[in-house]
């Protein structure tokens with residue numbers, strides 16, 4: 001697996017901890033939603049960063065109380081065409097103001113990188129060979145975007161008005 | 001004529017594996033030597049669901065040459081070669097039953 | 001007509017480049033069919049029985065002559081010289097090769113046409129009345145709003161992987177000719193009583209396995225809130241629509257299972273947080289879109305010019321004029337329907353030669369503009385009345401002047417088992433047989449307005465549920481059978497047809513329909529009571545009684 005963050009491959013400093021595994025004393029950990037909710041006090045007092053893997057069938061409003069203490073929120077694409085995590089991502093960024101790492105996990109493929117990026121993801125767990133190398137190119141596929149999104153890319157309308165000296 | 005991909009597999013007579021060629025979408029039939037032919041008479045014909053499933057699995061692994069593969073019930077001629085059994089396979093083999101626009 | 005500019009064109013070029021790359025990677029085996037299928041669907045590429053099918057988007061049914069010529073070029077160069085116009089104002093090519101797609105799509109992009117989102121679990125072509133901008137009584141040109149929706153929904157980062165397909169329709173006239181009540185979202189632009197245009201929003205309409213008429217969830221939405229409200233609806237659907245069963249995945253199921261009230265509450269809750277955000281449409285944005293629609297420079301003319309009056313002495317011309325020419329909101333002009341329903345021919349098709357000829361006629365007589373009706377006919381929306389006689393001669397010469405618009409032989413049909421991998425039965429030859437039985441023009445005229453809709457399977461692409469006579473192909477023991485329904489309607493009083501009786505084998509359908517029609521002629525309260533109204537008044541029983549009794 002390659003982790004892409006800020007447009008390049010980086011080492012993943014987080015370890016996934018299963019529900020029944022012992023929690024290591026130190027180190028950055030990624031836990032499940034159940035574990036997060038059950039052990040929050042202990043997790044919040046850790047010295048190292050904590051992240052959660054949030055399932056795509058739970059509303060992120062349930063995650064809101066924990067956000068200020070989380071370094072990573074990992075959302076899930078069980079199959080690439082299950083698009084619920086796009087809505088979760090936008091809610092986290094736009095409704096709840098989450099500014100930490102928002103990681104795409106699961107069936108994450110190069111033809112969806114740009115959509116994910118626009119929806120607010122800034123980290124990508126890529127497992128298909130070769131897709132990690134295609135990341136930068138995938139993000140450059142389009143320079144025209146019709147609708148505003150949290151990525152701040154200028155819309156076609158604004159570009160058009162700008163070119164006419166309006167707005 | 002329920003779309004075969006939606007049917008459960010129940011082999012009640014001779015069957016063959018068919019699909020469409022990836023690059024052109026043309027109807028193709030799986031042969032006994034593991035290739036694809038445009039001629040239905042070249043198709044490998046089997047008559048049990050185990051054999052059909054095995055053939056289908058091999059065909060599906062070959063996703064570079066054919067797509068949309070399924071098990072089709074067929075009729076056979078006197079030499080045991082496949083020919084259309086139902087209307088759907090007849091249409092796939094012979095084309096639409098109506099004249100195309102502009103054709104006389 | 002919406003004028004594409006450099007920004008729209010750049011987007012299209014980028015889309016073509018993206019899809020060309022995906023095709024190349026698929027052919028090289030770097031993408032599996034599972035990974036690729038979704039991508040090709042989102043560019044309008046289906047696999048049918050004989051070949052791939054390419055569905056090209058015609059936004060709100062409006063084409064320029066240059067665009068129609070390009071459609072002809074694609075038919076000639078990459079297909080078998082014809083195209084099929086669909087019930088969602090799109091065009092389909094039935095014989096496309098995957099390897100030709102990058103080239104075909106690059107050609108289409110040069111005139112601003114594409115297959116973007118004509119399939120797949122995303123927001124599809126937003127459709128409207130094909131007479132938009134020409135017919136009187138519209139609160140506003142619905143195409144302006146359809147274009148605003150089109151841009152918002154194109155390549156949307158959040159709504160590209162929905163539970164299922166999503167279809168939106170807009171209408172702005174009193175008579176709804178966009179079937180908004182059977183769409184996932186239906187929008188009616190209305191006058192709020194104080195001269196302001198507002199939207200009535202309906203959700204959860206749709207045909208197919210479980211047909212529903214849409215429910216009103218908001219009576220008057222100010223236009224500036226259109227996009228934020230749509231976003232709220234789509235967001236609730238994306239998060240909560242069912243993904244466990246493709247037959248239960250449309251928004252109509254979610255609305256049905258939650259109830260319209262609860263569904264509406266969730267939408268309103270979501271909307272509250274975003275209504276004043278960046279999706280709010282300001283005047284600058286709306287004006288920009290509106291300014292990109294060009295309208296003809298209409299001359300100041302009178303109705304009923306002498307050329308027209310004189311030509312009406314010709315009975316054939318008069319018959320066509322009465323049938324195929326509609327009132328235009330500007331005096332001296334007319335809306336002309338071109339029937340693509342020739343007797344004995346496949347409904348809704350046009351050859352490349354016909355397309356080229358129609359493009360020329362649009363340039364000479366119609367300001368270069370053509371419309372596609374969801375009844376699968378074409379339309380020249382702005383024709384001078386004094387040009388009608390000449391135009392008619394030319395239309396007749398290319399075979400698109402059959403005076404059967406809205407009559408029993410103006411059949412709406414899906415492609416059926418002759419083409420489609422999902423079909424149970426054929427639809428086209430049945431349509432052809434029906435047109436032959438009722439070929440006599442006087443007889444068809446006497447029967448009057450009667451919409452026959454044929455679907456080859458339960459997916460209902462022929463919209464049979466809302467046909468005055470609906471025909472659904474089913475399969476029984478390897479034979480083609482057809483279920484008939486009566487009394488469906490697609491307009492502002494939308495209703496689903498009622499089952500007539502037992503399914504009828506292929507060979508019996510035309511006779512049964514003839515007996516149904518004869519029953520209507522016997523029982524109607526004069527010529528003014530059209531078929532569907534007679535069915536409403538009488539119920540299905542008297543028709544059933546006579547339909548199944550052989551002479």
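If the condition is being buried (at least 19 other Cβ atoms within 10 Å of the Cβ), facing chain C (nearest Cβ under 9 Å) and either over 20 Å from residue C:34 (Cβ atoms) or in contact (Cβ under 8 Å) with a residue 40 or more places away in the chain (or both), then the stretch A:76-101 contributes A:87, A:88, A:89, A:90, A:91.
If residue A:43 passes every condition in (1) in contact with a helix residue (DSSP H, G or I) (Cβ under 7 Å, 6 or more places away or on another chain); (2) over 23 Å from residue A:79 (Cα atoms); (3) in a strand (DSSP E or B) but one, which one does it miss? Failed condition: (3). Residue A:53 falls short on exactly one of the conditions (1) part of a helix (DSSP H, G or I); (2) surrounded by 16 or more Cβ atoms within 10 Å (Cβ to Cβ); (3) away from chain C (no Cβ under 12 Å), and that condition is (1).
On the given criteria, is residue C:502 touching a helix residue (DSSP H, G or I) at 6+ places or on another chain (Cβ under 8 Å) and assigned by TED's automatic domain parsing to the domain that holds residue C:453? Taking the combined requirement at face value, the residue does not satisfy it.
For the condition modelled with pLDDT of 95 or more, closer than 30 Å to residue C:25 by Cβ and either surrounded by 15 or more Cβ atoms within 10 Å (Cβ to Cβ) or facing another protein chain (nearest Cβ under 10 Å) (or both), what is the one hit in B:92, B:38? So the residue among B:92, B:38 that is modelled with pLDDT of 95 or more, closer than 30 Å to residue C:25 by Cβ and either surrounded by 15 or more Cβ atoms within 10 Å (Cβ to Cβ) or facing another protein chain (nearest Cβ under 10 Å) (or both) is B:92.
Among the residues of the stretch C:13-38, those identified as in contact with a strand residue (DSSP E or B) (Cβ under 9 Å, 6 or more places away or on another chain) and either modelled with pLDDT under 95 or surrounded by fewer than 22 Cβ atoms within 10 Å (Cβ to Cβ) (or both) are C:33, C:37.
In the list A:132, A:82, which residue meets the criterion of being out of contact with any helix residue (DSSP H, G or I) (no Cβ under 8 Å at 6 or more places or on another chain) and closer than 28 Å to residue C:277 by Cβ?
Details: A:132 fails: closer than 28 Å to residue C:277 by Cβ.
Exactly one of A:132, A:82 is out of contact with any helix residue (DSSP H, G or I) (no Cβ under 8 Å at 6 or more places or on another chain) and closer than 28 Å to residue C:277 by Cβ, namely A:82.
For the stretch C:144-174, a residue qualifies if it is away from chain A (no Cβ under 14 Å), part of a loop (DSSP other than H, G, I, E, B) and either without any contact (Cβ under 8 Å) to a residue 60 or more places away in the chain or over 16 Å from the mean Cα position of the chain (by Cα) (or both), and the qualifying residues are C:172, C:173, C:174.
For the condition free of Cβ contacts under 8 Å to residues at least 24 places away in the same chain, closer than 29 Å to residue C:266 by Cα and under 16 Å from the mean Cα position of the chain (by Cα), what is the one hit in A:65, A:55? Break it down into steps so the answer makes sense when it comes.
On the way: A:65 fails: under 16 Å from the mean Cα position of the chain (by Cα).
On inspection, the qualifying residue turns out to be A:55.
Could you name every one of the helices (runs of 4 or more DSSP H) located completely within the stretch C:1-109 that has at least 2 residues being facing chain A (nearest Cβ under 10 Å)?
Working: elements: C:6-27, C:33-41, C:65-78, C:101-109.
Ranges flagged: C:6-27, C:33-41.
Scanning the stretch A:134-154 for residues that are facing another protein chain (nearest Cβ under 8 Å) and either outside any loop (DSSP other than H, G, I, E, B) or under 17 Å from residue C:25 (Cβ atoms) (or both) yields a single hit, A:141.
Restricting the stretch C:411-443 to residues that are crowded, with 22+ Cβ neighbours inside 10 Å and away from every other protein chain (no Cβ under 14 Å) leaves a set whose member that is farthest from the chain's Cα centre (by Cα) is C:438.
When you scan the stretch C:475-488, how many residues do you find that are within 9 Å of another protein chain (Cβ to nearest Cβ) and under 19 Å from residue C:411 (Cα atoms)? Give the derivation first.
Quick first cut of the stretch C:475-488, residues within 9 Å of another protein chain (Cβ to nearest Cβ) only: C:475, C:478-480.
Keeping just the survivors that are under 19 Å from residue C:411 (Cα atoms) gives none.
Looking only at that region, the number is 0.
Can we say residue A:106 is free of Cβ contacts under 8 Å to residues at least 24 places away in the same chain, crowded, with 17+ Cβ neighbours inside 10 Å and either touching a strand residue (DSSP E or B) at 6+ places or on another chain (Cβ under 6 Å) or within 27 Å of residue C:163 (Cα to Cα) (or both)? In short, no. Would you confirm whether any residue within the stretch A:136-147 is within 23 Å of residue A:54 (Cβ to Cβ), in contact with a helix residue (DSSP H, G or I) (Cβ under 6 Å, 6 or more places away or on another chain) and in contact (Cβ under 8 Å) with a residue 12 or more places away in the chain? No, every residue in the stretch A:136-147 fails to be within 23 Å of residue A:54 (Cβ to Cβ), in contact with a helix residue (DSSP H, G or I) (Cβ under 6 Å, 6 or more places away or on another chain) and in contact (Cβ under 8 Å) with a residue 12 or more places away in the chain.
Mind listing whichever residues of the stretch C:286-308 are within 12 Å of chain A (Cβ to nearest Cβ) and without any contact (Cβ under 8 Å) to a residue 40 or more places away in the chain?
If we filter the stretch C:286-308 for residues that are within 12 Å of chain A (Cβ to nearest Cβ), which is where we start, we get C:286-289, C:291-292.
Of everything in the stretch C:286-308, those that are within 12 Å of chain A (Cβ to nearest Cβ) and without any contact (Cβ under 8 Å) to a residue 40 or more places away in the chain turn out to be C:287, C:288, C:291.
Could you please let me know if residue C:240 is free of Cβ contacts under 8 Å to residues at least 40 places away in the same chain, outside the structural domain of residue C:462 (by TED's automatic domain parsing), in contact with a helix residue (DSSP H, G or I) (Cβ under 8 Å, 6 or more places away or on another chain) and crowded, with 19+ Cβ neighbours inside 10 Å? When the stated conditions are applied, residue C:240 passes them. Residues in the stretch C:392-400 include at least one that is closer than 22 Å to residue C:129 by Cα and either crowded, with 20+ Cβ neighbours inside 10 Å or over 19 Å from the mean Cα position of the chain (by Cα) (or both).
The values are calculated or read from the model by the stated rules, or taken from the named source; none is laboratory data. Owing to the predicted nature of the structure, the values given are computational and were not obtained by experimental measurement. Because the Cβ atoms are built from the backbone with ideal geometry, glycine has one as well, and the counts that use them run over all protein chains shown.
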